[in-house]
1. What does the charge count near R21 come to, summing +1 for each Lys or Arg and -1 for each Asp or Glu among other residues with Cβ under 11 Å from its Cβ?
2. What does the chain give for Rg and for Dmax, in Å, if only its C-alpha atoms count?
3. If Lys and Arg each add +1 and Asp and Glu each add -1, what is the summed charge of the other residues whose beta carbon sits under 9 Å from the beta carbon of A250?
4. Would you mind calculating the gained length between M10 and A178 on full extension (0.36 nm times residue separation, minus the Cα-Cα distance), in nm to one decimal?
5. Any idea which of L293, G130, G34 is furthest toward the positive side of the dipole for the chain, if Lys and Arg beta-carbons carry +1 and Asp and Glu beta-carbons -1?
6. Specify whether the C-alpha gyration tensor of the stretch 143-224 places it in the rounded, prolate or oblate class, a ≥ b ≥ c being the square roots of the eigenvalues: rounded for a/c under 1.5, otherwise prolate if a/b is larger than b/c and oblate if not.
7. Considering only protein heavy atoms, what per residue accessible area in square angstrom results for the chain with a 1.4 angstrom probe?
8. What percentage of all Cα-Cα pairs in the stretch 90-175 are separated by more than 21 Å?
Amino acid sequence: MSLDRLTFAMNSAELELPSGRIGLFGALMADGLGPFKPADVEVIQTFYPEYQAWEKRVTTTTHLNGAYEAVVVTLPRAKDLAQQRIAQAEEAASGGLVIVTGAKTDGIDPIAKALKGKVTLEGNVSKAHGRCLWFKATGALSDWLTLDMSANAEGDMTAPGVFSAAKSDPASRALAAALPNTIKGRVADLGAGWGWLSREILKRDKVRELHLVEADLTALTCAKVNADDPRAQYHWDDATRWQAPAPLDAVIMNPPFHTSRKGEPALGQAFITNAARLLSTSGQLWMVANRHLPYETVLQDRFREVSEIAGDTKFKILHATRPVQRTRTGR
């Protein structure tokens with residue numbers, strides 16, 4: 001949908017793209033390439049499932065590389081991340097064009113208002129409940145550039161756009177409080193985020209190795225600082241598909257339940273399915289979920305024993321043992 005707005009701007013003769021190297025910053029596979037040919041663009045993407053999908057089709061990287069004639073920014077939802085990416089795009093397209101496209105629900109209107117006070121917009125079109133706007137990169141947004149990571153209120157290193165950047169997530173805190181001290185052996189934290197829960201797991205001396213699996217490269221980079229431990233192994237990967245090097249003794253997780261504003265219980269259910277596959281026959285799963293999420297059915301399908309061991313009106317802490325062993329194709 002984002003690139004549909006750009007195509008509309010081009011077709012209405014208001015936007016003329018320069019020839020040369022063009023970066024698509026945060027582009028989503030669901031939006032396709034719009035007016036671009038694969039050979040003309042480079043996708044910049046730090047979310048692993050999107051990166052993996054794009055790299056089969058076009059040149060894909062995790063960071064802006066050198067100079068571009070134009071950079072198209074697909075607006076992320078977090079305002080601080082949006083400002084940072086637009087400023088990074090301006091820096092990488094020095095003298096060229098910066099194009100920002102996004103939905104109203106993702107904050108394009110306040111971003112447009114903020115930009116008007118800093119740059120001269122060359123064009124601004126509305127389409128499909130959103131906007132596409134563009135301006136020349138002149139270095140006017142340097143104050144929007146922030147540190148890659150900085151300490152939050154609790155002293156942990158986080159970065160713009162990562163989940164629960166300001167402080168540790170209350171669901172993770174509830175899960176950590178319910179975990180037994182007897183956890184040991186090979187363990188994974190699926191969807192490890194910036195590492196708060198992983199650090200709590202690593203306080204248990206009998207944990208021999210801990211695999212931190214996280215799709216957001218920025219969050220995983222923070223986790224390497226916050227959960228720095230010789231037993232820790234860091235994996236930029238899709239937690240619903242990651243394969244452990246050996247069967248695990250425990251999986252502990254606070255899975256996300258959305259990738260957009262709309263809740264997607266299927267995402268957490270996919271975490272559970274993969275956790276069961278990763279565990280040894282005697283392995284155990286501990287997880288936290290919002291009270292309303294329908295996870296019990298898939299848990300009972302994938303494990304022989306399931307119980308709620310703690311919780312309140314907001315969260316439930318679930319424990320599952322004796323995973324049903326299935327082949328990957330039988331998931």
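1. Details: positive: none; negative: D40, E42, E69.
It works out to a net charge of -3.
2. Radius of gyration, then largest Cα-Cα span, for the chain: 21.7, 66 Å.
3. Working: positive: K184, R186; negative: D249.
For residues surrounding A250, the net value is +1.
4. 54.9 nm
5. The residue sitting most towards the positive pole is L293.
6. Details: a/c = 2.58, a/b = 1.88, b/c = 1.37.
Since a/c reaches 1.5 and a/b is larger than b/c, the shape of the stretch 143-224 is classed as prolate.
7. Numbers: 15130 Å² over 331 residues.
Roughly 46 Å² per residue, with all protein chains present.
8. Numbers: 1764 of 3655 pairs.
Summing the P(r) tail past 21 Å for the stretch 90-175 gives 48 percent.
The values are calculated or read from the model by the stated rules, or taken from the named source; none is laboratory data. Note that the coordinates shown come from a computational prediction; the quantities given were computed from them, not determined experimentally. In this analysis, Cβ positions are derived from the backbone assuming ideal geometry, glycine residues included, and neighbour counts consider all displayed protein chains. For the accessible areas, the whole protein counts, side chains as well, though only heavy atoms, and no ligand, DNA or RNA atoms are used. Shrake-Rupley method; radii C 1.70, N 1.55, O 1.52, S 1.80 Å.
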